[in-house]
Amino acid sequence: MIHQEGVTKFAVEHETRVIDQARVDDVVCQLVAWREIMALTGLVGQDPRRYEGAGYGNASVRMGRPNAALGQRSFLITGTQTSGQRRIGPDDFALVERYDPRRNWVKSHGRTRPSSESLTHGATYDLGPHIRCVLHAHTPVLWRRARDLRLPTTEPDVPYGTPEMAAEVQRLYRRGIFAERRILAMGGHEDGILVFGRSPEDAGQVLLTWLARAYEQDCGSSGGSFCRV
C-alpha cells in the first residue's frame, strides 16, 4: 500500500517567528550542505512525474543537551514542502521544541511549518542521545533493493508521519538491526529511506554507503537500471 505524499498527518502547534540564529549557527550550515548534496543527487526534490508532484525528502539535526527528556529533544528540520526548492537557507527550517507520538502532536516555531515527517524524526531521536541527525531520502534503487540488502523495513500498511510509523521505527530499533545498520526502508512510503548518525556528515555517509551498495546489486543483476537514485 502506497500512501499520499506531502500531507501532514499530526496536530501542529506552530508559532511563526524567527529562529534564534545564535542557537543554530553551529549546525545549520552542516545540515544545509548535506541537504544540498541530497538535492543534487535527487534524494530530495520535487518532480511532476513522481508522487503526484509533491515534494519529497527532508533532513533534521538535534539541538541542545544530548540527555534531554524524551519528547523534548529539540531539533531543526526542513520546512514542509521546501523539498522542491533548489537551495534552502536558515528561514526554510522549523525548530521542533516538543513532540508526542501518543498525542500525535508537535510544537514548533520558525518562519515555515515543520516537515510532515517531524513525528518520525522525533521518535528516532528518542531512541538514544547519540542520534544527532536524521535524513529522509527518496531513492528508488535503494528502496527496491532493501530486501536484497537485508535492510529493516516498516510494515507496508503503516503511513508516514503517524504514531504508527513512530512505533515501527522504535520496534525495528529494539530488534537491533536498525540500531546496527542505521538505515531503514519505509515499506508503505514509496522510495522512502530513513538514516541516522552522530552528525550530518555521519548520517550522510551512511546514506551514500548504502546507496552505493544498492547500485552494486543493480549492476550485478540482469536488466539493472541506473536512471534514478
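No value in this document is a laboratory result; all are computed from the given coordinates. What you see is a predicted model, and the numbers here were worked out from it, not measured in a lab. Glycine gets a Cβ as well: all are built from the backbone with ideal geometry, and neighbour counts include every protein chain shown.
Miscellaneous remarks
- Note that the stretch 146-156 has calculated 3J(HN,Hα) couplings of 4, 5, 4, 8, 6, 7, x, 9, 6, 4, x Hz, one per residue in order, obtained from phi through the Karplus relation 6.51 cos²θ - 1.76 cosθ + 1.60 (θ = phi - 60°); glycine and proline are x.
- Taken over the Cα atoms of the chain, the convex hull encloses 108 Å³ per residue.
- Neighbour counting of Cβ atoms within 10 Å sorts the residues LEU151, LEU135, fewest neighbours leading, into LEU151, LEU135.
- Net charge of the neighbourhood of ALA69, taken over other residues with C-beta under 13 Å away and scored Lys/Arg +1, Asp/Glu -1, is 0.
- Legend: ranking of residues THR112, THR41, THR120, THR154 from fewest to most surrounding C-beta atoms inside 10 Å; resulting order THR41, THR112, THR154, THR120.
- Sum of side-chain charges, GLU216 neighbourhood, beta-carbon under 13 Å (Lys, Arg +1; Asp, Glu -1): 0
- Helical segments meeting 15 Å axial Cα length and Kyte-Doolittle 0.0 threshold in the chain (DSSP H): 21-40
- Pairwise label distance in nanometres, ARG98 with ASP148, each label 7 Å out on the Cα-Cβ vector: 4.7
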